[in-house]
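Trainee: Before I ask anything, let me first share the structure, which is written out below as structure tokens.
The values are calculated or read from the model by the stated rules, or taken from the named source; none is laboratory data. Worth saying up front: this structure is predicted, and the values here are computed from it rather than measured. In this analysis, Cβ positions are derived from the backbone assuming ideal geometry, glycine residues included, and neighbour counts consider all displayed protein chains.
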Amino acid sequence: MSRVRGSLDIACPVEVVFDAVADQRNEPSYNPAMTHANKVTPGPIAVGTTFEATVMSRGSPRPVTIEYTGFERPHRIHSRSVMEGATVDGHIQCDPTPAGTRFSWDWTTWRTPPAQGGRSESTGLFGTHGLPAAGPWDPHLNRIGVPLTTLGLAPRDAVSGAEPFLP
């Protein structure tokens, strides 16, 4: 088990940040590790909404299913992501600040038994030490090291509270 949590301040209203990250179909535009995402449940995004996505993990494409287990617009989304070798449970939070939004995340990753013929060392979205597998931590970047500016979400110059890994 590993835990990933942190936060950054974004100079955009809470609703804008929340809506951008709530729709997983946007994630491939700012996360190069996610190559595509499709919403597979009908209706508006809410509790029970499910997305099927593909992420690159250790150089290989891997399917992942993301289900929203809690949804409190425009502040909080609880989710569970399941892929071969790993399950990720946690939440994102959007809180208003004088300059925009404090965007925070808290995820716990569990290794799961591999499917028949799978590799037991797979940890899915996160590396073996709980850090995002895509690269080093930079508080001006999103959770996997990609500028949020690709979605029009500009982080403030001062970023606080980043804790990329807590055992």
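Trainee: Out of the residues in the stretch 38-52 that are surrounded by 15 or more Cβ atoms within 10 Å (Cβ to Cβ) and in contact (Cβ under 8 Å) with a residue 24 or more places away in the chain, state the one that is farthest from D95 (Cα to Cα).
Mentor: Here the residue is F51.
Trainee: Filter the stretch 76-86 down to the residues that are at pLDDT 95 or above and either at positive phi or of a type outside the set (K, R) (or both), then identify the one that is surrounded by the most Cβ atoms within 10 Å (Cβ to Cβ). Give the derivation first.
Mentor: The initial filter retains those residues of the stretch 76-86 that are at pLDDT 95 or above, namely 76-82.
Next, from what is left, pick out any that are either at positive phi or of a type outside the set (K, R) (or both): 77-79, 81-82.
On the way: I77: 25, H78: 17, S79: 21, S81: 21, V82: 16.
Top of the filtered list is I77.
Trainee: Would you call G124 part of a loop (DSSP other than H, G, I, E, B), buried (at least 20 other Cβ atoms within 10 Å of the Cβ) and modelled with pLDDT under 85? Working first, answer last.
Mentor: Details: part of a loop (DSSP other than H, G, I, E, B): yes; buried (at least 20 other Cβ atoms within 10 Å of the Cβ): yes; modelled with pLDDT under 85: yes.
Considered against the rule, which asks whether it is part of a loop (DSSP other than H, G, I, E, B), buried (at least 20 other Cβ atoms within 10 Å of the Cβ) and modelled with pLDDT under 85, G124 comes out as yes.
Trainee: Still on this model: For the stretch 97-111, indicate whether the set of residues that are modelled with pLDDT under 50, out of contact with any Ser or Thr (no Cβ under 6 Å at 6 or more places or on another chain) and within 21 Å of E15 (Cα to Cα) is non-empty. Let's see the steps before the verdict.
Mentor: If we filter the stretch 97-111 for residues that are modelled with pLDDT under 50, which is where we start, we get none.
No - not one qualifying residue is present in the stretch 97-111.
Let's see how each residue does on (1) over 19 Å from V4 (Cα atoms); (2) among the hydrophobic types (A, V, I, L, M, F, W, C); (3) modelled with pLDDT of 95 or more:
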| site | (1), (2), (3) |
| --- | --- |
| T41 | yes, no, yes |
| P44 | yes, no, yes |
| T54 | yes, no, yes |
| I66 | no, yes, yes |
| T69 | no, no, yes |
| P74 | yes, no, yes |
| G90 | no, no, yes |
| C94 | no, yes, yes |
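Trainee: Still on this structure, I have one more. I'd like to know if the stretch 53-73 contains one or more residues that are under 15 Å from T101 (Cα atoms) and out of contact with any Leu (no Cβ under 8 Å at 6 or more places or on another chain). Steps first, answer last, please.
Mentor: Of the stretch 53-73, the ones under 15 Å from T101 (Cα atoms) are 73.
With out of contact with any Leu (no Cβ under 8 Å at 6 or more places or on another chain) added as a condition, the list becomes 73.
Yes, the stretch 53-73 has at least one match.
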